[in-house]
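Following: one structure in structure tokens, then a few remarks.
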Amino acid sequence: MPRRFRYRESLKFFLMKSNAFVIESPTTDSRIFAHTRWDAIPVLAAIFHCAYFFGMFYLFSRVPLWIMLILGFVYSVSISWNINGISHNFIHNPYFRFTLFNRLFSILESITVGFSQVFYECIHMQHHKGNADRPDEHGETVDWISIYKHGHDGDAEHPLKYTFLSFFREDPKTVYRELKRKNPRDAFWGVTELTLFVSTFAILGVLNWRYICFLVPFWYFGHCLSYLNGYYRHYGGNPDEPLAWGVSSYDKLYNWIWFFNGFHAEHHFRPKVHWTRMQALRDQIVERQRAAGVRVIKPPHALAFLDPDLPGLKEQSRQKFLARWNLKAARLEGDAN
């Protein structure tokens with residue numbers, strides 16, 4: 001039986017068994033927000049982030065370089081914060097009731113983080129289809145950004161390679177074709193957002209070429225930090241066990257600031273659960289998570305390399321070899337019997 005067929009069948013069985021876990025979506029009588037007025041917090045945070053982005057340009061020629069270096073580093077961190085918190089939650093539960101407001105917010109996000117929100121949504125939904133799957137017999141993964149895609153012998157890629165090379169592996173043409181296949185209108189808006197963000201950077205470069213030379217490295221580093229965050233949200237997880245696809249961190253400050261980005265195993269279990277309901281979801285499934293071996297780390301995902309129980313790449317390979325050896329031995333014993 002082909003691996004992907006078995007994967008789909010196991011997922012179907014898993015979803016049938018998981019129907020008992022139901023988390024009610026938040027409701028509101030707000031005329032603006034679609035789910036809850038709490039969404040005003042990430043919306044205001046996004047507006048502040050956009051103001052910060054343009055504020056750096058204003059300050060560039062007015063403050064010392066050492067201050068700008070600090071502001072640039074904060075911008076890098078804030079890109080990952082926005083992508084994995086504000087932007088990510090917006091993908092699964094758009095904040096506003098009106099399509100126009102959601103479209104304008106999508107454009108705001110695209111300009112602020114320097115990448116199309118529509119393209120990001122397409123990539124992220126493909127991520128949920130594959131759930132950081134291992135390569136098949138042809139070396140392909142369903143998940144375009146799987147940490148195993150460029151690894152060896154079914155192991156995860158080295159975190160430094162994944163962090164700093166993934167940015168250059170993005171293929172806008174593939175994303176565009178997928179968007180156009182599903183909905184040409186989304187493809188149009190994706191290209192529009194890319195055009196607006198590139199135009200914004202170009203205008204800033206024309207106004208002050210020194211500033212754009214300063215900005216681009218921090219912009220790139222910010223996206224690298226986002227990939228670092230994504231790497232450890234799956235490293236040490238089990239791509240073959242639906243309940244353990246993701247790796248979670250329950251650090252309170254991290255989850256408050258990053259809009260419950262730490263509840264990643266829970267998120268892959270129920271992607272549509274609103275960020276304000278993640279703790280309630282975990283309370284329902286915590287025993288099943290423990291039985292499935294869901295990996296939990298102590299620090300935030302971007303600092304997971306500091307976790308005292310983090311498995312090393314060599315140790316992961318050794319455990320995988322032992323598992324294969326035990327499976328082979330069991331099969332030989334079964335054949336002998």
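Data overview
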quantity: Stretchable slack from residue 38 to residue 283, in nm (0.36 nm times residue separation minus alpha-carbon distance); calculated: 86.1 nm
quantity: Whole-number percent relative contact order across segment 41-198, with pairs defined as alpha carbons under 8 Å at least 6 apart; calculated: 21
quantity: Entries of 149/182; 180/272; 252/272; 129/161; 129/173; 173/298 with Cα pairs more than 27 Å apart; calculated: 173/298
quantity: Residue 137-residue 220 FRET efficiency (beta carbon distance; Förster radius 30 Å; 0.05 resolution); calculated: 0.30
quantity: Gain on full stretching of the segment that runs from residue 306 to residue 180 - 0.36 nm per residue minus C-alpha separation; calculated: 41.2 nm
quantity: Leading residue at positive end of dipole, segment 149-266 (Cβ point charges), from 199, 227, 179; calculated: 199
quantity: For peptides 259-265, 36-42, 180-186, sequence by mean Cβ density within 10 Å, most packed first; calculated: 259-265, 36-42, 180-186
quantity: Under Karplus coefficients 6.51, -1.76 and 1.60, residue-wise ³J(HN,Hα) of segment 202-211 in Hz, glycine/proline x; calculated: 5, 5, 4, x, 5, 5, 7, 5, 5, 5
quantity: With Cα atoms, 0 to 90° folded angle of helix 172-182 axis to the chain main axis; calculated: 80
quantity: Size of electric dipole in segment 104-197: Cβ of Lys, Arg +1 and of Asp, Glu -1, about Cα centre, debye, nearest 20; calculated: 380
quantity: Cα-based helix-to-principal-axis angle, 99-113 vs the chain, degrees rounded to 10; calculated: 90
quantity: Fraction of accessible area attributable to carbon and sulfur, the chain (%, probe 1.4 Å); calculated: 64
quantity: Sites residue 65 and residue 173, calculated FRET efficiency, Cβ-Cβ separation with R0 30 Å, nearest 0.05; calculated: 0.20
quantity: Cα-only Debye scattering, segment 39-97: base-10 log of I(q)/I(0) at q = 0.19 Å⁻¹; calculated: -0.71
quantity: Candidates 300, 271, 308: whichever shows maximal mean-square fluctuation once the chain is modelled as a Gaussian network with Cα springs under 10 Å; calculated: 308
quantity: Between helix 159-169 and the chain: long-axis angle, C-alpha atoms, 0 to 90°, nearest 10; calculated: 60
quantity: Potential lengthening between residue 129 and residue 203 on full extension [0.36 nm per residue; Cα-Cα distance subtracted]; calculated: 22.9 nm
quantity: Segment 22-180 - accessible surface per residue (Å², probe 1.4 Å); calculated: 48
quantity: Table column - 3J(HN,Hα) (Hz), segment 187-201, Karplus curve with 6.51, -1.76, 1.60, x for Gly and Pro; calculated: 4, 4, 5, x, 5, 4, 5, 4, 4, 5, 5, 5, 4, 4, 5
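The values are calculated or read from the model by the stated rules, or taken from the named source; none is laboratory data. Fair warning: this is a prediction, and the values are worked out from it, not measured in the lab. With ideal geometry, Cβ positions are generated from the backbone for all residues, glycine too; neighbour counts draw on all protein chains shown. Just the protein is used for accessible areas: all its heavy atoms, side chains included, with ligands, DNA and RNA removed. Shrake-Rupley method; radii C 1.70, N 1.55, O 1.52, S 1.80 Å.
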